[in-house]
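Report on the structure given below.
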Amino acid sequence: MANNNNSNNNYTAKDIYVLEGLEPVRKRPGMYIGSTGIDGLHHLIWEVADNSIDEAMGGYAKNIEVVLLPGHQVRVVDDGRGIPVDIHKQTKTSALETVLTTLHAGGKFGGESYKISGGLHGVGVSVVNALSKNLRVEVCRDGYLWVQEYKKGKPSYKVKKTGKCEGSGTSVTFEPDPEIFGDKAGDMPDYDWKHILSHLRQQAYLVKGLKLTVKDQREKDSHLFKEYSFYFDGGIKSYVSYLNRDLKPVHSSVFYAHRDVPENEMVVEMALQYTDDLQPREMSFANNIYTAEGGMHLTGFRTALTRTLNDYGRKNGFIKDADGNFLGDDVREGLTVVLSVKIREPQFEGQTKAKLGNPEARTSTESVFGETFAEFLEENPQDARQMIEKVLLALRARKAAKAAKESVLRKGALEGLTLPGKLADCSSKDPEDSELFIVEGDSAGGSCKQGRDRRFQAILPLRGKIMNVERARFDKMLSSKEVKALVIALGTAIADDFNIAKLRYNKIIIATDADVDGSHIRTLLLTLFFRYFKPIIEGGFLYIAQPPLYKIQFGKNIKYAYDDAEKDKYVAEIAKTRKEKAEVKAEAEEKEEEESKEETAEEEETEMDKRYSGIVIQRYKGLGEMNPPQLWETTMDPKNRVLKKVFIDEAEDANRTFDILMGEEVAPRKLFIQTHAKTVENLDI
């Protein structure tokens with residue numbers, strides 16, 4: 001906390017506006033932070049950090065530190081102006097206590113203290129206070145240190161002056177309440193260090209010149225402490241380079257623009273670069289809040305991008321009449337863009353602020369980008385040519401893909417009248433009751449078809465490995481018989497014609513063998529679903545079957561183990577039972593002398609240590625190795641089977657992982673394998 005800023009004198013209690021009380025927060029925490037699980041815990045950190053980041057956006061703070069401490073405690077420190085401590089006119093108490101104990105109290109709800117601010121739900125640090133077992137706030141202002149502590153949102157004492165300090169700033173240390181975030185035993189999930197790093201790194205990119213330090217001091221041993229500092233002088237221009245670190249850029253320079261739009265009280269900032277990838281990466285933000293569903297600012301950008309590239313391409317003779325115009329999908333293929341707007345009164349759609357609704361954000365972004373990007377293209381003809389050539393390739397591929405798609409998605413197939421011959425469909429026509437097993441090979445397909453319940457279980461066997469769609473354009477992808485069969489079986493169509501309402505099965509289950517080839521096929525299928533059927537994943541319809549790895553038989557007793565640990569557990573239980581029976585038998589046979597007994601017991605114990613004696617263990621590598629009744633009992637019967645639902649927790653990280661694992665570049669994939677090799681379980685070599 002060391003920022004000597006004369007503007008402290010202009011930021012006082014009169015700048016704090018009170019809208020409503022705090023009582024509902026503990027009763028319905030989900031309304032304010034989304035959930036009381038791991039996401040809710042992280043939201044507490046974001047809320048406190050956002051206050052400090054707002055100070056940095058306003059130019060009042062240069063350094064922010066976030067520290068994870070033992071016992072789920074978190075400390076956030078900044079060198080901003082410090083929360084005001086003078087008496088608030090409306091509440092008749094310290095402005096610091098007002099901010100910490102009153103919902104919607106802060107400098108963001110009126111006045112000139114914050115022209116632009118974020119905050120996940122705009123509810124601020126008061127919600128964190130209400131949901132914390134303990135919270136301590138320290139403020140350095142005007143040469144003095146002020147302190148107050150709280151328990152479950154209620155102050156333990158009045159704000160007090162504890163000594164002198166230099167500079168200015170705020171420190172908030174809080175401990176989430178186990179009554180809110182814990183299970184019945186009071187145990188809470190732990191913070192996700194990687195997720196916290198990713199989120200705060202992103203924030204540091206969005207505030208150019210901010211130094212944001214993250215520390216993990218949860219372990220007692222200081223040698224195990226971790227610390228990262230993020231400082232990006234290039235801001236979002238550096239962010240684009242970071243997002244493209246494993247991709248091959250089409251042009252060397254990163255386009256960047258930053259302009260104020262005074263008439264709309266907005267700041268528009270953007271950076272972009274094309275890569276040789278097929279997928280777009282559009283990261284849009286409003287007041288540093290990630291707008292996952294885009295909104296008006298992204299719409300304005302897209303409109304200007306398409307128009308500007310069409311104008312430039314025709315003006316300079318790159319686009320011929322036979323080509324037609326570039327469409328939105330053409331100009332976004334392989335594009336990485338970071339778009340950030342700062343707006344006085346953001347209007348978000350939905351509780352989680354996933355979409356920006358301000359109409360002025362569209363006009364401002366469209367105007368700023370259209371003008372600056374046209375200038376960039378004129379001033380950088382080589383970069384412009386490389387961009388246009390990339391987009392032209394996408395346009396021609398789109399036309400080829402359209403012809404291929406029409407050949408696959410003919411009317412009969414879309415209505416489910418011409419299902420692929422290899423599909424063994426179920427008799428139920430209700431998607432709610434129906435499930436599709438995608439299995440590897442005819443052998444597994446045969447076992448599954450015989451072992452299934454044909455009333456609600458459909459089987460689609462794939463022959464060999466499907467195409468890697470990460471490396472193939474759309475038209476080439478649809479030339480694959482296996483992909484074509486899957487598209488028709490799902491019933492949703494694909495690309496622009498995709499309709500989740502036409503999904504024929506509400507459970508799509510990938511069931512591949514437990515070997516390297518099976519893992520590869522599963523990854524190829526996941527790539528296909530992630531790139532072309534993402535709503536199926538987002539809707540919770542995609543699963544991965546977990547067939548057993550081992551069949552363990554001892555006498556007439558049979559058990560199935562799904563991993564090595566479970567196998568070892570069952571073997572140990574059998575060995576223990578055998579040993580106990582042997583000991584009982586030895587005690588019953590009291591015919592020999594004590595020495596003889598001890599000798600016999602020792603021999604028996606030694607024999608018991610041979611854990612696999614008399615136990616038959618079969619290692620399954622393929623579903624085809626199981627007979628149909630076994631397959632039903634272990635993998636297909638809803639009463640017994642184990643399924644893993646596929647989620648997309650971090651879209652950006654998932655996007656990059658698929659690029660690394662399935663893309664053209666070898667070096668990033670080699671590094672990924674070397675980094676994670678030691679964590680791989682059940683590796684078949």
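The values are calculated or read from the model by the stated rules, or taken from the named source; none is laboratory data. All values derive from a computational prediction rather than experimental measurement. Every residue, glycine among them, receives a Cβ derived from its backbone with ideal geometry; neighbour counts consider all protein chains shown. Only protein heavy atoms, including side chains, enter the accessible area calculation; ligands, DNA and RNA are left aside. Shrake-Rupley method; radii C 1.70, N 1.55, O 1.52, S 1.80 Å.
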>> As a quick test, which of the pairs LYS92/LYS215; LYS569/LYS644; LYS151/LYS645; LYS567/LYS645; LYS484/LYS645; LYS248/LYS502 have an alpha carbon distance above 28 angstrom in this structure?
In response: LYS92/LYS215; LYS151/LYS645; LYS248/LYS502
>> Sort 250-258, 466-474 by the packing proxy (mean of other Cβ within 10 Å over each peptide's residues), most packed first.
In response: 466-474, 250-258
>> Highest mean first, how do 53-60, 160-167, 145-152 rank when packing is the count of other Cβ atoms within 10 Å averaged over residues?
In response: 53-60, 145-152, 160-167
>> Under a crude label model (7 Å from the Cα following the beta-carbon direction), how far is GLU23 from ARG463 in nanometres?
In response: 7.1 nm
> Using modelled backbone amide H atoms (1.01 Å from N, in-plane), which distant-in-sequence or interchain residues come within less than 5 Å of PHE285's amide H?
Replying inline: THR291, LEU339, SER340, VAL341
> So how much accessible area does ARG259 have, in Å² to the nearest 10, using a 1.4 Å probe?
Replying inline: 80 Å²
> What list of ³J(HN,Hα) values in whole Hz, one per residue of segment 325-332 in order, does the Karplus curve 6.51 cos²θ - 1.76 cosθ + 1.60 (θ = phi - 60°) give from phi, with Gly and Pro shown as x?
Replying inline: 8, 5, 9, x, 5, 5, 6, 9
> Once phi is turned into θ = phi - 60°, what whole-Hz ³J(HN,Hα) does the Karplus curve with 6.51, -1.76 and 1.60 give for every residue of segment 577-585, x standing for Gly and Pro?
Replying inline: 4, 5, 5, 4, 5, 5, 5, 5, 5
> Hey, what do the phi angles of segment 475-483 turn into as Karplus ³J(HN,Hα) couplings, whole Hz, using 6.51/-1.76/1.60 and θ = phi - 60°, x for Gly and Pro?
Replying inline: 5, 5, 4, 6, 7, 6, 4, 5, 5
>> Amide H of PHE230 versus every other amide H placed in the peptide plane: which residues, excluding those fewer than 5 positions away on the same chain, fall under 5 Å?
In response: LEU212, THR213, VAL214
> Which residue, chosen from GLY186, CYS165, GLN203, occupies the Cα position most advanced towards the positive end of the dipole of segment 142-253, where the dipole is computed from +1 (Lys, Arg) and -1 (Asp, Glu) charges on Cβ about the Cα centre?
Replying inline: CYS165
> Modelled label-to-label distance, TYR228 and ALA501, 7 Å Cα→beta-carbon offset: nm?
Replying inline: 4.3 nm
>> Only four residue types carry charge here, +1 at the Cβ of Lys and Arg and -1 at the Cβ of Asp and Glu. Report the dipole size of segment 179-309 about the Cα centre in Debye, rounded to the nearest 20.
In response: 460 debye
>> If I model a spin label at ASP142 and ARG344 as a point 7 Å from the Cα along the Cα→Cβ vector, what separation in nanometres do I get?
In response: 3.0 nm
